[in-house]
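Structure provided below as structure tokens; questions to follow.
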Amino acid sequence: MDDRRGRFEAQVLLHLDAAYRYARWLSRSANDADDVVQEATLRAYRSFEDLRGADAKAWLLTIVRNCHLTALKQRQRRNLVPLPDEHDEGGVELVAGTPGPEAAAMDRDEQRTLERLMSTLPQEHREVLVLREIEDMDYREIATVTSLPIGTVMSRLARARASLRRRWLQEAAGDTDGMR
């Protein structure tokens with residue numbers, strides 16, 4: 001294995017799961033996320049020599065975001081509306097081995113609710129929320145990935161959290177009219 005490939009694997013490929021999760025949230029499709037991550041990985045490898053002391057995770061997620069935006073623009077130019085995948089209807093289900101069936105069902109319901117409510121957030125709010133809460137990135141890293149000022153990141157994150165909280169509470173109270 002050559003030195004470049006070894007360094008790439010050690011610095012970048014360990015963030016592949018994070019790249020896929022981020023692409024999945026951006027694209028809302030497992031197939032599209034696979035394509036985006038594949039393209040991002042190729043671009044990252046081609047330009048690996050440009051990574052100079054920067055955070056490899058933020059660098060890779062920036063490439064993932066750019067690949068997603070490029071793919072989105074290409075789809076819009078073609079005016080294609082992709083059909084949902086069969087397995088996407090219920091979303092990703094988390095099943096723990098230890099809880100009983102009732103607890104597992106409640107966990108799945110909460111996960112579906114969270115995913116559904118997050119999907120109703122505007123793209124820019126959902127994006128910063130995923131990067132902060134799921135990918136555990138700090139504000140500076142999120143600003144780097146999204147090419148936004150740190151103040152904008154903080155503002156969007158606060159709005160995203162408030163909106164998600166409000167929608168969650170309305171859902172729990174059975175008030176679906178107030179979520180629009």
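For region 107-129, how many residues are within 11 Å of LEU164 (Cβ to Cβ) and β-branched (Val, Ile, Thr)?
Total meeting the criteria: 2.
Restricting attention to region 2-31, which residues are farther than 17 Å from ALA44 by Cβ and either out of contact with any helix residue (DSSP H, G or I) (no Cβ under 7 Å at 6 or more places or on another chain) or open to solvent by 60 Å² or more (accessible area, probe 1.4 Å) (or both)?
Across region 2-31, the qualifying residues are ARG28, ASN31.
Only one of these conditions is not met by HIS125: (1) modelled with pLDDT under 90; (2) in a helix (DSSP H, G or I). Which number is it?
(1) is the only condition that HIS125 fails.
Can you tell me which of LEU42, LEU14, LEU26 is within 25 Å of LEU117 (Cβ to Cβ), part of a helix (DSSP H, G or I) and not charged (D, E, K, R)?
When all the criteria are applied, what remains is LEU26.
Of ALA56, ALA104, which residue is farther than 27 Å from HIS15 by Cβ, surrounded by 13 or more Cβ atoms within 10 Å (Cβ to Cβ) and either at pLDDT below 70 or among the aliphatic types (A, V, I, L, M) (or both)?
Sole residue among the options that is farther than 27 Å from HIS15 by Cβ, surrounded by 13 or more Cβ atoms within 10 Å (Cβ to Cβ) and either at pLDDT below 70 or among the aliphatic types (A, V, I, L, M) (or both): ALA104.
Of everything in region 119-133, what is under 12 Å from the mean Cα position of the chain (by Cα) and surrounded by 14 or more Cβ atoms within 10 Å (Cβ to Cβ)? Give them in sequence order.
Within region 119-133, GLU124, HIS125, ARG126, GLU127, VAL128, LEU129, VAL130, LEU131, ARG132, GLU133 qualify.
The values are calculated or read from the model by the stated rules, or taken from the named source; none is laboratory data. Values in this document were obtained by computation on a predicted structure and should not be read as measured data. In this analysis, Cβ positions are derived from the backbone assuming ideal geometry, glycine residues included, and neighbour counts consider all displayed protein chains. Only protein heavy atoms, including side chains, enter the accessible area calculation; ligands, DNA and RNA are left aside. Shrake-Rupley method; radii C 1.70, N 1.55, O 1.52, S 1.80 Å.
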